[in-house]
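Have a look at the structure below before the remarks.
The values are calculated or read from the model by the stated rules, or taken from the named source; none is laboratory data. A quick note: this is a predicted structure, and the numbers were derived from the prediction, not measured. In this analysis, Cβ positions are derived from the backbone assuming ideal geometry, glycine residues included, and neighbour counts consider all displayed protein chains. Heads up: the accessible areas ignore ligands, DNA and RNA and are worked out on the full protein's heavy atoms, side chains in. Shrake-Rupley method; radii C 1.70, N 1.55, O 1.52, S 1.80 Å.
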Amino acid sequence: GAVVSQHPSRVICKSGTSVKIECRSLDFQATTMFWYRQFPKQSLMLMATSNEGSKATYEQGVEKDKFLINHASLTLSTLTVTSAHPEDSSFYICSAPGPKGTEAFFGQGTRLTVV
Amino acid sequence: GENVEQHPSTLSVQEGDSAVIKCTYSDSASNYFPWYKQELGKRPQLIIDIRSNVGEKKDQRIAVTLNKTAKHFSLHITETQPEDSAVYFCAAKPGSARQLTFGSGTQLTVLP
């Protein structure tokens, strides 16, 4: 099956700093990638859709300037949490549609802790 | 857009019993319905999926049924084992959409 690799798996940062999370499709090209946020014992909440070569599409209520998304190539999308605050602490996970276009393949997720 | 509701939110069963998780969807154009299993701190993994041209699909102890008229689909796990304990998510995707819409998840606990 298709493989999506996400890094880092865990990160602890100080309040006010920025953190970059990478999501790579290893054996297929992904013109679209999705970024989710997951709180403990809750579902996957779509934050934004990353589009290769164009601007990301953000879901309602998600701050574009705080969660910067870049999809510079067909295999890499990045999410940068800018000026992080403790309330940004969460599990962030990316996914990409597989070669068949339907099934979603997920990255390993990133546990972000802002202290 | 699509809206997916999932029940129950928690489910405990004895080892060897069956578990059933149900989901309903709102968009009649949805034609793809996957189920994901997520263990604590890990990525969701696809365990089974069904398309709208099929009413039932089975893979060993796991089966999914789809009722297009009623717009609901269910996951059935038979002969449950402790390693089945995890959070299970259903999802739906209209043919025109790029992303899946997920249900709220079900925490399944299989008691030894």
Looking only at the range B:81-107, count every residue that is away from chain A (no Cβ under 13 Å), open to solvent by 50 Å² or more (accessible area, probe 1.4 Å) and among the hydroxyl-bearing types (Ser, Thr, Tyr) and tell me the total. 0
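Would you check which residues across the range B:93-105 are within 10 Å of the chain's Cα centre (by Cα) and assigned to a strand (DSSP E or B) and list them?
Applying the first criterion (within 10 Å of the chain's Cα centre (by Cα)) to the range B:93-105 yields B:102-103, B:105.
The answer is B:PHE102, and nothing else.
Find the strands (runs of 3 or more DSSP E) located wholly in the range A:58-115 whose residues include 3 or more that are away from chain B (no Cβ under 14 Å), touching a residue at least 40 places away in the same chain (Cβ under 8 Å) and open to solvent by less than 50 Å² (accessible area, probe 1.4 Å), and list them. Give the derivation first.
Working: elements: A:67-73, A:76-81, A:90-97, A:104-106, A:110-114.
It comes to A:76-81.
Out of A:THR49, A:THR32, which single residue is more than 18 Å from A:LYS66 (Cβ to Cβ), hydroxyl-bearing (Ser, Thr, Tyr) and surrounded by 15 or more Cβ atoms within 10 Å (Cβ to Cβ)?
After ruling out the rest, the residue left standing is A:THR32.
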Go through (1) open to solvent by 30 Å² or more (accessible area, probe 1.4 Å); (2) within 28 Å of A:CYS94 (Cβ to Cβ) for B:THR78 and report which single condition fails. (2)
When (1) within 11 Å of chain A (Cβ to nearest Cβ); (2) part of a strand (DSSP E or B); (3) of a type outside the set (Lys, Arg) are applied to B:VAL110, the one that fails is (1)
May I ask you to list the residues in the range B:4-41 that are within 15 Å of the chain's Cα centre (by Cα) and β-branched (Val, Ile, Thr)? B:VAL4, B:THR10, B:VAL20, B:ILE21, B:THR24
Exactly one of (1) touching a Ser or Thr at 6+ places or on another chain (Cβ under 7 Å); (2) over 30 Å from A:ARG111 (Cα atoms); (3) of a type in the set (S, T, N, Q) is unmet by B:GLN99. Its number? (2)
